[in-house]
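Student: Dropping the structure in here first, questions after.
The values are calculated or read from the model by the stated rules, or taken from the named source; none is laboratory data. Bear in mind the structure is a predicted one, so any value in this text is a computation, not a measurement. Neighbour counts run over all protein chains shown; Cβ positions are idealised from the backbone, glycine included.
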Amino acid sequence: MNMTLDLMFLSDWHISQGIGDGFRADAVLVRDADGFPYVPGRALKGAMREGASRLGLCRDDLQRAEDYFFGTRFDTLESNKQGRIRLSQAKLPQSFKVALDYVESAQDIRLADKETFINDLTILRSQTALTPEGLTKKGSLRTTECGIPGIPFEASLTIDAQGIPESWLAAYMASVCRAVRSIGGNRSRGFGRCTLSIRSIPFTGLPKTPFSQAKGENAWRLSVSFSGPLSRSFSQTAQQRVWPTNASTTFPAICSLVPALSAGNK
């Protein structure tokens, strides 16, 4: 399933190349081959993962959805599972670049050149550290190149999730995007505030749990038996809570690990 994401920054933002330009700024924005600033896919995915984590605080099934779509985060590499979404870089709309190409080719002295327009998409922000006495700390002046707010970006989202209704996927991803608050560095200082949405898919609230199937579906009867002097048996109905809903194999397999436990369809 493919979707288009629309990103709009509401404040100055910064995603660094990791280096400075030597004379103008200590940290400069990431740029593409044409010199335009962009948002890397890894930064965008990290922000969506953070939004999914916020949703996971609301319901258990949304926590499992986070692990399913974005991958698990266990301490051991062998225990982790890969996510199921891919994100492209968030770039300026193609129409914006076409307009700038026209400006560059126009024979009108009233129009600025393309490089000037690109530079106008950024601004320099400087900051310094203070001593306990409130004085400027020597050698602490740092200048950062930031993107300006109000410029639209767009990215493509690809989801590999077979067997899950597209309507649920759309509602879930729209909720994840709605939970994204900021992207990039220096967010504790107010940088990177943004809105993220899926084009043509409005946010209508949290999606219903995917486990709300017909009554009795994915319900299993647990049978426990003991041998020896305390020999007895009893049964209890349990609801399978796994992602995805492959109850026909997962639940009996778990039960088979316990010698005294067995599972059968209710």
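Student: I'd like to verify a number: residues in the stretch 28-42 that are touching a residue at least 12 places away in the same chain (Cβ under 8 Å) and assigned to a loop (DSSP other than H, G, I, E, B), how many?
Tutor: Number satisfying all stated conditions: 8.
Student: So Asp12 ticks every box in (1) acidic (Asp, Glu); (2) modelled with pLDDT of 90 or more; (3) touching a helix residue (DSSP H, G or I) at 6+ places or on another chain (Cβ under 9 Å) but one. Which box is left unticked?
Tutor: With respect to (1) acidic (Asp, Glu); (2) modelled with pLDDT of 90 or more; (3) touching a helix residue (DSSP H, G or I) at 6+ places or on another chain (Cβ under 9 Å), Asp12 is out only on (3).
Student: Go through the stretch 121-151 and give me each residue that's surrounded by fewer than 11 Cβ atoms within 10 Å (Cβ to Cβ), over 30 Å from Leu92 (Cβ atoms) and hydroxyl-bearing (Ser, Thr, Tyr).
Tutor: The one that is surrounded by fewer than 11 Cβ atoms within 10 Å (Cβ to Cβ), over 30 Å from Leu92 (Cβ atoms) and hydroxyl-bearing (Ser, Thr, Tyr): Thr131.
Student: One residue is enough: does the stretch 152-174 have a residue meeting the conditions loosely packed, with under 11 Cβ neighbours inside 10 Å, over 30 Å from Asp61 (Cα atoms) and modelled with pLDDT under 85?
Tutor: no
Student: Do you know which of the residues in the stretch 2-27 that are of a type in the set (A, V, I, L, M) and assigned to a loop (DSSP other than H, G, I, E, B) is nearest to Pro152 (Cα to Cα)?
Tutor: Selected residue: Leu10.
Student: When Arg73 is evaluated against the numbered criteria (1) surrounded by fewer than 17 Cβ atoms within 10 Å (Cβ to Cβ); (2) within 21 Å of Ser182 (Cβ to Cβ); (3) in contact (Cβ under 8 Å) with a residue 24 or more places away in the chain, which criterion, by number, is the only one it fails?
Tutor: The single condition Arg73 does not satisfy is (3).
Student: So Lys45 fits all but one of (1) crowded, with 16+ Cβ neighbours inside 10 Å; (2) in a helix (DSSP H, G or I); (3) at pLDDT below 85; what number is the exception?
Tutor: Answer for Lys45: the failing condition is (3).
Student: OK, next. Can you tell me which residues in the stretch 126-159 are of a type in the set (Gly, Ala, Ser) and closer than 20 Å to Leu10 by Cβ?
Tutor: Gly147, Gly150, Ala155
Student: What about Asp32, is it buried (at least 17 other Cβ atoms within 10 Å of the Cβ), of a type in the set (D, E, K, R) and touching a Phe, Trp or Tyr at 6+ places or on another chain (Cβ under 8 Å)?
Tutor: no
Student: For the stretch 110-152, name all the residues that are of a type in the set (D, E, K, R), touching a residue at least 60 places away in the same chain (Cβ under 8 Å) and within 23 Å of Val98 (Cβ to Cβ).
Tutor: Glu115
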